[in-house]
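Undergrad: The structure is given below, and queries will be raised subsequently.
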Amino acid sequence: MMRTLLTICCVSIFMLGKAQVVINEICPANADVNFDSEFFNFSPWVELHNAGNASVQVGGYFLSDDQTNPTKWKIPAGISIPAKGYLLIWCDDRNTGLHTSFSLDSDGERVVLTSPTNQLVDQVGFPKQYTNVSYGRTTDGGAMWSYLSTPSPASKNESQYGEVILASPIASIKSGRYGSTQSIVLTHITPATEIRYTLDGSAPRPTSLLYSSPISISQTTTLKARAFKTGMIPGETLAETYFINERTFNLPVVSISTRPDYLWNNTIGIYADGTNGIPGNCNNNPVNWNQDWDRHASVSFFDASGKLNHSQFVDISIGGGCSRNNPQRSFIVKARDKYGDNVMEYKLFSDKPHDRYGGFTMRNSGNDFNVSMFRDALMQELIRSQLKGAYLAYKPTVFYLNGQYWGIQNMREKIDADYIETNYGIKRNDLDLLESWGNPVEGTNTAYFTYLNTLQTLNPSLPATFDFIDQNIEVQEYINYLVAQIYFGNTDWPGNNIKYWKKRSGGKFRWLLYDLDFGFALYNSFNHPTLSFATDPNSGVDWPNPPWSTQHIRLVMENPKFRTKFIQTLATAMGSGFSPPHVTETVDLFAQRIATEMPFHKQRWSGNINDWNYEVQRLRNFATDRHQYMLQHIAQFFNITSDVKISTGTFPEGTGKIELNGVMLNQPLTLADYYRNLAFDAKPIPAPGYAFKNWKIIKRDVSVSSLIANGASWKYFDNGTLPAANWNSTAFNDASWATGAAQLGYGEGDEQTVVGFGGNANDKHVTTYFRKTFNASNVSAIAALNASILFDDGIVVYLNGTEVYRNNMPSGTIANNTLALTAIAAENVFVDFTIPKNLLVDGNNIIAVEVHQNSPQSSDLSFDFRMSATTEGNSEEFISTDLTLAGVADRYVTIEAHFEEATPVTGLIINEVAAAGTEAIDEFNETEDWIEIYNASAQPIELGGLFITDNLQSKLKHQLASGTETKINPGEYKLIWADNQTGQGALHTNFRLSADGEQAGLYQMVGSNLIVLDEISFGSHSENVTASRIPDLTGPVVLTARPTPRAANIFETITSVYEAEQALSIYPNPVTDLLTIDFPEAAHIKITNMQGTMVYSSQIQESSTISLAHLPAGLYVVSVITERNIFAKRILKR
């Protein structure tokens, strides 16, 4: 590395004699130095300097970050640099004006300047860069390069310079919760170092407050401090957040701190309306928060108790579309290499295995802001629990912005190239990510439009057309995507919020669910006809369902096989994950999670807790009302009949699940609605320790008889009082009640019988009572009682005096003046429910119903009811051992999956482990850690279902999924990639290995017993060294310099590392001032104190002498880092 830099300096000196223009200064890590006046971002830049006495035309010159492609970007024509002048060029990927088509890597790379005739003018290779520090010639046009502690864009280089980076200051009190004012002492390990600090969120500068005495913190504040010293590089900024006298939290806390001007300044503030904005996102006024601006900030993650889990410097920007208009706005948070790392090595979400993220969103709940505050997350969870496909993880947090309480803000994944890499392992350069009508976000749209244009030419009725669709898109995932959008009733789709992607080299297109806030009847009713809406060819609108947006849905729906699979999946989901009980239970779970915090959020952003409770109840109502409507909507749209039921079960209980029509059944189906003569397919999903045994299929003939028809005659009581305490029982005498045919009610004009509401239209009776006597016989033969009710607004239903159903009513005792929870948005819709059959008796029975209004001023009331009895007839049973069960629901169907204990596996050996990288590459051309398994048995073995770990104390850490590649044949060596990228395939684990040495274990569950198949321990090793059994398969685990992935192990003595380490000489030790490091190759030197704080960082070339005079006495660790190895030695500084 250093040899290269020295050569570059020589080239620069030579060129100085030939040309006036030089690369004078670069700033890849520009966080706060200066923003460009065109796009108002703090972007990397390169400064050119004309060292001559005459102006130079540089238009047509080329600038590049790749010496193999020196003409990457051309300086626009007409650009000149005056004598002794400067030209600043922004390296920000924008490719317009003085903005290049590339960016600069803060980890170090090269900048090349060439003439219009492609002659080299100047070039410089630069090492790792540090935040707000530039790298430049120590004097304008001079030969010596160094870090410049104070960058000088477009002006003379005269800053202090140095090569040694200072450590961060140390705070006497760490981030956390405190009950009183805290006094913070700042210290630094280097004598005579200035510590500059801020309390307003700004990054410390050389002109910030100078620390001289303890800092008193009496309110919630983020303290930032940085060290400055002449001749040294300013170190990393310390950021500590103190929560002072704050109330107890029950949610995790996220704190973002930034310079106030970056939020509120009229020119550069991203949160303010400002005076430097643009229109858009549902706002015709030019506002700052519509701008695509990034700003330097720190983000800290705390648990509810105040313990700091992670902290990092990041870029923040405003996110979202029309939801930017809300007073609480969303933030996009991105890791950047200019702050030291372009990933966050922190497990942001507990329900995903990943611990490396490029960024995330602090979301204001979108259009659901200040409504339920979890609408989109709720829908994502309903998908995650039953349907395969992408979902966005969710964590509700208490959010602080520059020390101010900012309410609940939801931490969410953000869909971009980082999301695809994190979840699927696809790199940006092999990704086509599109939005809307094929607009590229990453890559190109060529493959998509080739697919779409071809699809339009095919006969939609042919099986070959389905095959073509299946070759180009992940069919079941796309069906799941459509099923979700249509059930949710999302009307901000399909003409908006559409993103889809594929692996450019051989993948299929997959659609992404996000921004579902219009779903669950945010602005519409539960009876929105979303199937018709999403397939409308002639909407005549630009939003929300223009014809281009429904085209692909229409094309695939025309194919009979696709259409059947869609109906199967939707029907099954309606009975499982979208069933009213499950959806209501999930709503309650999400509501309970934030219920304690919501009063404070409402106080911060207006409203009260009653508003929120009302909105949560609307979600519960949707769960019930949407289900019944969708069953009718599906039947009408596809002209099919919903008069059969489907049930499932697993035996023994807890030994497995069933995947039915692409839907994972987390609970058995019990008489779920299905469609006559619709096919079904089922797959067994054994629990750990069990294997599939057989299917048992039972088909039954049933008859349905009406007990009460809609439009029947009812007794009713409408004088506004409670008739009697036992009014709903069989003993009550209703002879004095009025009689009338349903529909009963008032106010709509379609009533068969108009009931009274009292004499005051503004103070109507809250409750009206209804009773009906009906006769039942042979009740022991009845298999099920099914009822449907039409009502407005709330109801409670009783059979023979026992409550059997309530809807839109509060829990607990119901009185005559109890109001319904909400007004019914869409009326004249029957809602289905079941009644326990054991309450029915032979002879006379009583159905009693009380209908409650939401308000005494309600304009109307409606009531009708029907009930039927289902009686079972003949049945037949089938047994099948087919792994995938296929059938047709021509009658009532029960599907049972039977499981048994798994057969113990023998003969699997952990044969070789690579924890520091080898030349072996996975299917994504990545060199990752791996564990090699060998099958020493005489039988093929399925690895799917086995457990693998890197920690013998956590044996069930990762369960291998089943896949096409998970069978290991006798005598086969197979690699399992320990890369924490489970999205890349079945042979990728949720952990990485440590090159410092650890363990590996392989296990099988057999019933409830855990069987050890193999366990090993291995020591620390370097790249292209593995821990292997020597002799192959049978010997102990030793280190070898000959990796043999997928082949027999070979021992080779490790000499290169040993020899290099022997060649390393660090002296004197102990040292008082000058330390010499002799090493036979270029290396990076890092010195840390015993607390792990870096106190020195630099490159060396074979030999170097550095001064440690500024360091206090004590023990230090010198690390010598090469491309292949790390060597560390301890020294004593006196």
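Undergrad: So which residues in the range 892-907 are within 19 Å of residue 1007 (Cα to Cα) and hydrophobic (A, V, I, L, M, F, W, C), if there are any at all? Walk me through how you get there before you give the answer.
TA: Taking the range 892-907 as the starting set, the residues that turn out to be within 19 Å of residue 1007 (Cα to Cα) are 897-906.
Of everything in the range 892-907, those that are within 19 Å of residue 1007 (Cα to Cα) and hydrophobic (A, V, I, L, M, F, W, C) turn out to be 897, 899, 902, 905.
Undergrad: Pick from 459, 472: which is free of Cβ contacts under 8 Å to residues at least 12 places away in the same chain and in contact with a helix residue (DSSP H, G or I) (Cβ under 9 Å, 6 or more places away or on another chain)?
TA: Exactly one of 459, 472 is free of Cβ contacts under 8 Å to residues at least 12 places away in the same chain and in contact with a helix residue (DSSP H, G or I) (Cβ under 9 Å, 6 or more places away or on another chain), namely 459.
Undergrad: Within the range 444-492, how many residues turn out to be of a type outside the set (A, V, I, L, M) and within 15 Å of residue 531 (Cβ to Cβ)?
TA: The number of residues fulfilling the criteria is 7.
Undergrad: So, one more: Determine which single condition residue 932 fails, assuming it passes every other condition in (1) within 26 Å of the chain's Cα centre (by Cα); (2) under 21 Å from residue 1034 (Cβ atoms).
TA: Result: residue 932 passes all but (1).
Undergrad: Determine the pairs where a residue that is closer than 17 Å to residue 890 by Cα, located within the range 864-879, has a partner that is acidic (Asp, Glu) with Cβ atoms under 9 Å apart, the partner being 6 or more residues away or on another chain.
TA: 872/701; 873/701; 874/701; 875/701
Undergrad: Can you pull out the residues in the range 209-223 that are part of a loop (DSSP other than H, G, I, E, B), polar (S, T, N, Q) and in contact with a strand residue (DSSP E or B) (Cβ under 7 Å, 6 or more places away or on another chain)?
TA: Correct list: 218, 219, 220.
Undergrad: Within the range 918-960, can you find the residues that are under 23 Å from residue 427 (Cα atoms) and among the charged types (D, E, K, R)?
TA: Matches in the range 918-960: 919, 922, 923, 926, 928, 929.
Undergrad: Using the structure shown, decide if residue 146 is of a type in the set (Ser, Thr, Tyr), assigned to a loop (DSSP other than H, G, I, E, B) and without any contact (Cβ under 8 Å) to a residue 40 or more places away in the chain.
TA: It is false that residue 146 is of a type in the set (Ser, Thr, Tyr), assigned to a loop (DSSP other than H, G, I, E, B) and without any contact (Cβ under 8 Å) to a residue 40 or more places away in the chain.
Undergrad: Here's something else I'd like to know. Which of the numbered conditions does residue 1051 fail, given that it passes all the others? Conditions: (1) modelled with pLDDT under 85; (2) more than 30 Å from residue 166 (Cβ to Cβ); (3) of a type in the set (Phe, Trp, Tyr).
TA: Checking residue 1051 against (1) modelled with pLDDT under 85; (2) more than 30 Å from residue 166 (Cβ to Cβ); (3) of a type in the set (Phe, Trp, Tyr), the one that fails is (1).
Undergrad: Continuing with the same structure: Under 7 Å between Cβ atoms, at least 6 apart or on separate chains: pull out the pairs that start in the range 94-118 with a residue that is closer than 11 Å to residue 28 by Cβ and end on any residue that is among the polar types (S, T, N, Q) and in a strand (DSSP E or B).
TA: Pairs that qualify, where the first residue is closer than 11 Å to residue 28 by Cβ and the partner is among the polar types (S, T, N, Q) and in a strand (DSSP E or B), are 111/123.
Undergrad: Moving on. Determine the pairs where a residue that is closer than 16 Å to residue 487 by Cα, located within the range 362-391, has a partner that is crowded, with 22+ Cβ neighbours inside 10 Å and charged (D, E, K, R) with Cβ atoms under 7 Å apart, the partner being 6 or more residues away or on another chain.
TA: Matching pairs, first to second residue: 375/368; 375/517; 376/368; 376/515; 376/517.
Undergrad: Would you say residue 434 is over 24 Å from residue 636 (Cβ atoms), out of contact with any Asp or Glu (no Cβ under 6 Å at 6 or more places or on another chain), surrounded by 21 or more Cβ atoms within 10 Å (Cβ to Cβ) and not hydroxyl-bearing (Ser, Thr, Tyr)?
TA: Answer is yes for this residue.
Undergrad: Tell me, yes or no, whether the range 519-532 has at least one residue that is in a loop (DSSP other than H, G, I, E, B), more than 24 Å from residue 633 (Cβ to Cβ), modelled with pLDDT of 95 or more and not basic (Lys, Arg). Show your work before the answer.
TA: Here is the first cut: in the range 519-532, the ones in a loop (DSSP other than H, G, I, E, B) are 519-529.
If we keep only those that are more than 24 Å from residue 633 (Cβ to Cβ) too, we end up with none.
There is no residue in the range 519-532 that is in a loop (DSSP other than H, G, I, E, B), more than 24 Å from residue 633 (Cβ to Cβ), modelled with pLDDT of 95 or more and not basic (Lys, Arg).
Undergrad: Does the range 48-64 include one or more residues that are within 26 Å of residue 130 (Cα to Cα) and either assigned to a loop (DSSP other than H, G, I, E, B) or modelled with pLDDT under 95 (or both)?
TA: Within the range 48-64 (the criterion being within 26 Å of residue 130 (Cα to Cα) and either assigned to a loop (DSSP other than H, G, I, E, B) or modelled with pLDDT under 95 (or both)), the answer is no, since none of the residues qualifies.
Residues are listed down the side, and each one gets a yes or a no for (1) aliphatic (A, V, I, L, M); (2) within 20 Å of residue 401 (Cα to Cα); (3) in the same structural domain as residue 149 (by TED's automatic domain parsing); (4) in contact with a Phe, Trp or Tyr (Cβ under 6 Å, 6 or more places away or on another chain):
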{"position": "202", "(1), (2), (3), (4)": "no, yes, no, no"}
{"position": "207", "(1), (2), (3), (4)": "no, no, no, no"}
{"position": "232", "(1), (2), (3), (4)": "yes, no, no, no"}
{"position": "241", "(1), (2), (3), (4)": "no, yes, no, no"}
{"position": "266", "(1), (2), (3), (4)": "no, yes, no, no"}
{"position": "270", "(1), (2), (3), (4)": "yes, yes, no, yes"}
{"position": "273", "(1), (2), (3), (4)": "no, yes, no, no"}
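Undergrad: Right, another one. In the range 641-666, which residues are closer than 15 Å to residue 575 by Cβ and out of contact with any Pro (no Cβ under 9 Å at 6 or more places or on another chain)?
TA: Correct list: 642, 643, 644, 645, 646, 660, 661, 662, 663, 664, 665, 666.
Undergrad: Another question, then. Taking the residues in the range 23-63 that are touching a residue at least 24 places away in the same chain (Cβ under 8 Å) and of a type in the set (Ser, Thr, Tyr) as candidates, determine which candidate is surrounded by the fewest Cβ atoms within 10 Å (Cβ to Cβ).
TA: 55
Undergrad: Let me ask something additional. Mind listing just one residue for me: the one in the range 334-357 that is hydrophobic (A, V, I, L, M, F, W, C) and within 13 Å of the chain's Cα centre (by Cα) and, of those, surrounded by the most Cβ atoms within 10 Å (Cβ to Cβ)?
TA: Ranking the candidates gives 348 first.
Undergrad: Then there is this: Do the conditions hold for residue 449, that is, is it part of a helix (DSSP H, G or I), surrounded by fewer than 21 Cβ atoms within 10 Å (Cβ to Cβ), over 25 Å from the mean Cα position of the chain (by Cα) and hydrophobic (A, V, I, L, M, F, W, C)? Write out each step before concluding.
TA: Working: part of a helix (DSSP H, G or I): yes; surrounded by fewer than 21 Cβ atoms within 10 Å (Cβ to Cβ): yes; over 25 Å from the mean Cα position of the chain (by Cα): yes; hydrophobic (A, V, I, L, M, F, W, C): yes.
Criteria met by residue 449.
Undergrad: So, in the range 744-790, exactly how many residues are surrounded by 16 or more Cβ atoms within 10 Å (Cβ to Cβ), over 25 Å from residue 834 (Cβ atoms) and in contact with a Lys or Arg (Cβ under 6 Å, 6 or more places away or on another chain)?
TA: The number of residues fulfilling the criteria is 1.
Undergrad: Do you know which of the residues in the range 1099-1134 that are more than 25 Å from residue 917 (Cα to Cα) and small (Gly, Ala, Ser) is modelled with the lowest pLDDT?
TA: In this case the residue turns out to be 1103.
Undergrad: Taking the criterion of being in contact (Cβ under 8 Å) with a residue 12 or more places away in the chain, in a loop (DSSP other than H, G, I, E, B), within 36 Å of the chain's Cα centre (by Cα) and under 29 Å from residue 359 (Cα atoms), would at least one residue in the range 224-234 satisfy it?
TA: Checked the range 224-234: at least one residue is in contact (Cβ under 8 Å) with a residue 12 or more places away in the chain, in a loop (DSSP other than H, G, I, E, B), within 36 Å of the chain's Cα centre (by Cα) and under 29 Å from residue 359 (Cα atoms).
Undergrad: Hydrophobic (A, V, I, L, M, F, W, C) and either under 30 Å from residue 1104 (Cα atoms) or in a loop (DSSP other than H, G, I, E, B) (or both) - does that describe any residue in the range 1032-1039?
TA: yes
Undergrad: In the range 635-665, which residue that is of a type in the set (D, E, K, R) and either surrounded by fewer than 16 Cβ atoms within 10 Å (Cβ to Cβ) or within 13 Å of residue 691 (Cα to Cα) (or both) is modelled with the lowest pLDDT?
TA: Across the range 635-665, the extreme among qualifying residues is 643.
Undergrad: Let me ask something else about it. Given the conditions (1) of a type in the set (S, T, N, Q); (2) buried (at least 19 other Cβ atoms within 10 Å of the Cβ); (3) part of a strand (DSSP E or B), report the number of the one that residue 694 does not fulfil.
TA: Exception for residue 694: condition (2).
Undergrad: For the range 172-198, give me the residue count where each residue is of a type in the set (S, T, N, Q) and either buried (at least 16 other Cβ atoms within 10 Å of the Cβ) or touching a His at 6+ places or on another chain (Cβ under 6 Å) (or both).
TA: So the first thing to find is which residues in the range 172-198 are of a type in the set (S, T, N, Q), and the list is 172, 175, 180-183, 187, 190, 193, 198.
Narrowing further to those that are either buried (at least 16 other Cβ atoms within 10 Å of the Cβ) or touching a His at 6+ places or on another chain (Cβ under 6 Å) (or both): 175, 182, 190, 193, 198.
Qualifying residue count, the range 172-198: 5.
Undergrad: Starting from the range 185-196, take each residue that is within 18 Å of residue 240 (Cα to Cα) and in contact (Cβ under 8 Å) with a residue 12 or more places away in the chain and list its partners that are among the charged types (D, E, K, R) and part of a strand (DSSP E or B), counting only C-beta distances under 6 angstrom and pairs at least six apart or across chains.
TA: Here the result reads 196/226, each pair linking the range 185-196 to a residue that is among the charged types (D, E, K, R) and part of a strand (DSSP E or B).
The values are calculated or read from the model by the stated rules, or taken from the named source; none is laboratory data. If you're wondering where the values come from, they're calculated on a predicted model, not measured in any experiment. Virtual Cβ from ideal backbone geometry, glycine too; neighbours counted across all protein chains shown.
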